[in-house]
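The values are calculated or read from the model by the stated rules, or taken from the named source; none is laboratory data. Please read these numbers as outputs of a predicted model, since none were measured by experiment. Methodologically, a virtual Cβ is constructed for each residue, glycine included, from the backbone with ideal geometry; neighbour enumeration extends over all protein chains shown.
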Amino acid sequence: MRWVDGMLKIWPEDDLIWPLSLKPQRYDTLHPEPADEWYERNRNAIGHLHPLIAGQWVHRHWHHSPYCSFPLDGLSWTIEEWPNERLLNVHCPRCMFDAAFDFETFNSYPDNPTSEPMNRTGTWKIPIVILNTPAGVIDAQGPDPRSRHLLVEGHQRLRYLNALVARRQGAPAHHVFVLSYGSVEAPQNSTKNEA
């Protein structure tokens, strides 16, 4: 990930940039380090992020996130309430929206952690994470200067919201975490793994 002419270049993906010290202990086991313990252990490095942002994005997805090359330093966040139309226009290159398929799939077993709370309330329990991209993005399809926001975490919740909206069952607005860099120049540092 790097900034080119003010646009966020997300393709091709860079190597992991997050320090290995942030990797959750026992990450590849059935009993990884709990998110709250991990957050406290790494508070000096990630304390500027809301615990839910750090827990859902960095801790939970670690190297499986397509955006694990984003520098965490310099990020700030707000929590905002966005209407469905604005949310469903966020740039999310890895999402395949198919409302009927997603509704059926997410409801194919009881207590699905995505659909169960959203079926009850019309919205998610934990806000999704979006990054401001004020000048747009560059992805595998090329430059897109109209994409002002990129979905960083919450792909399944956004897909399921689309399914609920198509069925007129979604809440009209939803809480989201919105990340920003102090300046688009700030994250142009190293793109390699730090020990």
Taking region 174-195 and the residues there that are at pLDDT 95 or above and buried (at least 20 other Cβ atoms within 10 Å of the Cβ), the one that is nearest to residue 123 (Cα to Cα) would be 174
Six or more apart or on different chains, Cβ atoms under 9 Å: show the pairs whose first residue is in region 73-86 and farther than 10 Å from residue 177 by Cα and whose second is surrounded by fewer than 12 Cβ atoms within 10 Å (Cβ to Cβ) and among the hydroxyl-bearing types (Ser, Thr, Tyr).
74/183
Among residues belonging to region 102-136 that are more than 15 Å from the chain's Cα centre (by Cα) and either under 19 Å from residue 61 (Cα atoms) or among the β-branched types (Val, Ile, Thr) (or both), point out the one that is surrounded by the most Cβ atoms within 10 Å (Cβ to Cβ).
123
Look at residue 66 and say whether it is touching a strand residue (DSSP E or B) at 6+ places or on another chain (Cβ under 7 Å) and in contact (Cβ under 8 Å) with a residue 24 or more places away in the chain.
no
Picked from region 139-173 (must be over 15 Å from the mean Cα position of the chain (by Cα) and in a strand (DSSP E or B)), the residue modelled with the highest pLDDT is 173
